[in-house]
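Just below is one structure, and these are the notes that go with it.
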Amino acid sequence: MKKQLLMIVMLALVALQIQAQDDEGKKREKTNYGTHNHFDIDLGMNNFLQNGDFPDDNNAPYAVKPFGSWYVALKSVNDTHVTGALHLLWGPEVSWYNFKFNNEAIRLTKNNNQLEFNEAADNIDAQKSKLTVAYLNFSAVPMLKFGDQGQRHRHRHCWVDWDDFGRKEGFRIGVGGYGGYKIASYTKSVVVEDGDKKKDRDKDSFYLNNFRYGVRLQAGFRGVDIFANYDLNELFVEGKGPQLNAFSFGIVL
């Protein structure tokens, strides 16, 4: 009798556990149709184009090194399910362009309301020269997410949740836009004198445009996303510096 009673209690507990898991699953599935927030990092490279060409094609003094010119963005992303496979990724971010010049001796100076790219003296052992620009941005990217439509999961990247790499969500792609305001800019140079490295940082506007806006492409599969940004406006104020349109591409972490 005791064994039968114990068996009944155990079966009842199992039934309650199954029911609780089922209710939790339905609740999770229902809430997945709203808006979810997560944190992303864009990590990649940046460069710029001048009339559709890379500056180094014409040996321009502001040509940059592809490797070493890093783009970084810290993003608070809201994923809103609109309808069907359509989602909207939107939210604020802080981003940094890092343009590392091919010529380590290049220095940026403002002269007669013009930005000039000049070389340091020949007797200086130049090691590094770069321009960094930081922006506060807002982006909105409509995205189509393909996969099992019966149960949607917000996509997470593999560094956050390994389990999502094997879940229902498959390929996704979206194209949208962004706008931003410049919050900081500076140049950094490194030289070697008498065997010692000396670093110099010069904070200035350098006739950079205060605003930026452009288009963004983002695509992914399960736990991996890639991105590409292209600024439609020029990096520098018209007539003050070279006509350059910045772009970046890389991976979303």
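Conditions (1) of a type in the set (Ser, Thr, Tyr); (2) within 21 Å of the chain's Cα centre (by Cα); (3) in a loop (DSSP other than H, G, I, E, B), marked per residue:
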| position | (1), (2), (3) |
| --- | --- |
| Asn46 | no, yes, no |
| Asp56 | no, no, no |
| Pro66 | no, yes, yes |
| Lys75 | no, yes, no |
| His81 | no, no, no |
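Just the residues that are in a strand (DSSP E or B) and either modelled with pLDDT under 95 or closer than 23 Å to Gly180 by Cβ (or both), please, taken from the range 115-127. Listed by number, the residues that qualify are Leu115, Asn118, Glu119, Asp125, Ala126, Gln127. Pairs are defined by a Cβ separation below 6 Å, a sequence spacing of at least 6 or placement on different chains, a first member in the range 34-49 that is under 20 Å from Asp79 (Cβ atoms), and a second member that is buried (at least 16 other Cβ atoms within 10 Å of the Cβ) and of a type in the set (Phe, Trp, Tyr); the pairs so defined are Asp42/Phe227.
Residues in the range 216-237 that are under 14 Å from Tyr135 (Cβ atoms), more than 14 Å from the chain's Cα centre (by Cα) and surrounded by 15 or more Cβ atoms within 10 Å (Cβ to Cβ): Leu235 alone. Would a scan of the range 15-33 turn up a residue that is surrounded by 14 or more Cβ atoms within 10 Å (Cβ to Cβ), at pLDDT below 95 and more than 14 Å from the chain's Cα centre (by Cα)? Checking the range 15-33: at least one residue is surrounded by 14 or more Cβ atoms within 10 Å (Cβ to Cβ), at pLDDT below 95 and more than 14 Å from the chain's Cα centre (by Cα). Within the range 128-147, the set of residues being among the aliphatic types (A, V, I, L, M) and open to solvent by 10 Å² or more (accessible area, probe 1.4 Å) comprises Leu136, Ala140, Leu144.
If the condition is being open to solvent by less than 40 Å² (accessible area, probe 1.4 Å), of a type in the set (Val, Ile, Thr) and over 17 Å from Ser248 (Cα atoms), then the range 55-113 contributes Val77, Thr80, Ile106. Might you check whether a residue that is buried (at least 19 other Cβ atoms within 10 Å of the Cβ), assigned to a strand (DSSP E or B) and among the polar types (S, T, N, Q) occurs anywhere in the range 238-248? The answer is yes; a qualifying residue exists. Quick check, is Ser205 polar (S, T, N, Q), touching a strand residue (DSSP E or B) at 6+ places or on another chain (Cβ under 8 Å) and not in a loop (DSSP other than H, G, I, E, B)? Here the answer is no, as Ser205 does not meet what is asked.
Counting the residues of the range 188-209 that are open to solvent by less than 20 Å² (accessible area, probe 1.4 Å) and under 26 Å from Asn113 (Cβ atoms) gives 3.
Of the residues screened, Arg212 is not one that is in contact with a Lys or Arg (Cβ under 8 Å, 6 or more places away or on another chain), of a type in the set (Lys, Arg), over 22 Å from Arg107 (Cα atoms) and open to solvent by 30 Å² or more (accessible area, probe 1.4 Å).
The values are calculated or read from the model by the stated rules, or taken from the named source; none is laboratory data. On a predicted model such as this, the values are computed, not experimentally measured, just so you know. Ideal geometry is used to build each Cβ from the backbone, glycine not excepted, and the neighbour counts take in all protein chains shown. Calculation scope for accessible area: heavy atoms of the full protein, side chains included, ligands and nucleic acids excluded. Shrake-Rupley method; radii C 1.70, N 1.55, O 1.52, S 1.80 Å.
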